[in-house]
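Undergrad: The structure's right below; bear with me while I get my questions together.
Bear in mind that the values in this text are calculations on the coordinates, not laboratory data. Computed from a predicted structure; not experimentally measured. Please note: Cβ atoms are built from the backbone with ideal geometry, for glycine as well, and neighbour counts cover all protein chains shown.
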Amino acid sequence: MKIGFGSDHAAVELKNILLEHLKEQGYECVDYGAYDPAVKTDYPVQGQKVAEALVRGEVDKGVLVCGTGIGISLAANKVPGIRAAVCSEPYSAKLSVQHNNANIIAMGARVVGPELGKMIVDEFFQASFEGGRHENRVDMIAEIERKYSK
Ligand code: RB5
């Protein structure tokens with residue numbers, strides 16, 4: 001699996017830690033920036049980059065980090081086909097895949113520390129979408145997207 005990573009300046013360090021952690025597990029990792037915590041960058045830039053790379057098929061899943069994980073996930077979720085879930089604990093990360101078929105995990109570098117962050121991505125990448133009764137609900141989200149994309 002190929003994973004795209006993105007962050008703003010506030011979360012470069014956690015993004016790098018998560019990237020190395022997943023790379024050690026054998027995932028192919030692509031870094032879409034930011035690269036320098038000293039250079040301020042606006043979170044929609046990297047949120048959009050990773051989201052578009054995912055819908056283009058360049059990567060299969062994404063990891064996005066900003067101060068809270070909120071701004072960068074909101075930006076990514078504007079790209080049709082993206083389901084980015086902000087999680088600050090592993091249980092929600094796992095359920096975001098099992099029930100919501102999330103394709104991007106987001107978190108806040110000012111909210112979670114590196115060890116908790118690693119547990120969150122581990123649960124996210126080990127989980128599988130359960131389909132069944134959840135399929136229709138995820139389809140309903142896509143239907144809302146279609147309605148407002150016209
Ligand atoms: C940057 O200061 C901060 O606003 C950003 O990282 C993020 O938390 C926004 O949602």
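Undergrad: Taking H placed 1.01 Å from N in the peptide plane, check which residues at least 5 places from G4 or on another chain put their amide H under 5 Å from its amide H.
TA: Close amide H contacts, sequence-distant or interchain: V30, D60, K61, G62, V63.
Undergrad: Please compute the modelled spin-label separation between E58 and E24, points set 7 Å along Cα→Cβ, answer in nm with one decimal.
TA: Distance between label points: 2.7 nm.
Undergrad: So what are the ³J(HN,Hα) numbers for the range 91-102, from phi and the Karplus equation (6.51, -1.76, 1.60; θ = phi - 60°), rounded to whole Hz, Gly and Pro as x?
TA: Going residue by residue, I get 4, 5, 4, 5, 5, 4, 8, 4, 9, 10, 6, 4 Hz, with x marking Gly and Pro.
Undergrad: Hey, which of these cross-link pairs are over 21 Å Cα-Cα: K2/K147; K94/K147; K15/K40; K49/K94?
TA: Where the Cα-Cα span goes over 21 Å, the pairs concerned are K2/K147; K94/K147; K49/K94.
Undergrad: Can you tell which of A38, A127, A84 shows the greatest fluctuation in a Gaussian network model of the chain with Cα springs below 10 Å?
TA: A38
Undergrad: Which GluC sites (Glu not before Pro) from the range 61-150 combine a DSSP loop assignment with at most 14 other Cβ atoms within 10 Å?
TA: E130
Undergrad: Still on this structure: For K147 and L74, what is the calculated FRET efficiency with R₀ set at 25 Å and r taken between the beta-carbons, to the nearest 0.05?
TA: Given R0 = 25 Å and the Cβ-Cβ separation, E is 0.85.
Undergrad: Could you check which residue among L95, L54, L116 shows the biggest mean-square fluctuation in a GNM of the chain with a 10 Å Cα cutoff?
TA: Its mean-square fluctuation being the largest, the pick is L116.
Undergrad: Quick one: what Rg and Dmax do you get for the chain from the alpha carbons, in Å?
TA: My reading of the Cα-based Rg and Dmax gives 14.3, 46 Å.
Undergrad: Tell me the relative contact order for the chain as a rounded percent, counting alpha carbon contacts under 8 Å between residues six or more apart.
TA: 23
Undergrad: Once phi is turned into θ = phi - 60°, what whole-Hz ³J(HN,Hα) does the Karplus curve with 6.51, -1.76 and 1.60 give for every residue of the range 33-39, x standing for Gly and Pro?
TA: Whole-Hz 3J(HN,Hα) from phi for the range 33-39: x, 6, 10, 10, x, 7, 9.
Undergrad: Once every DSSP H run of n ≥ 4 in the chain is given -39500 (n - 2.57) and the sum is divided by its residues, what mean residue ellipticity at 222 nm do you get, rounded to the nearest 500 deg cm²/dmol?
TA: -15000 deg cm²/dmol
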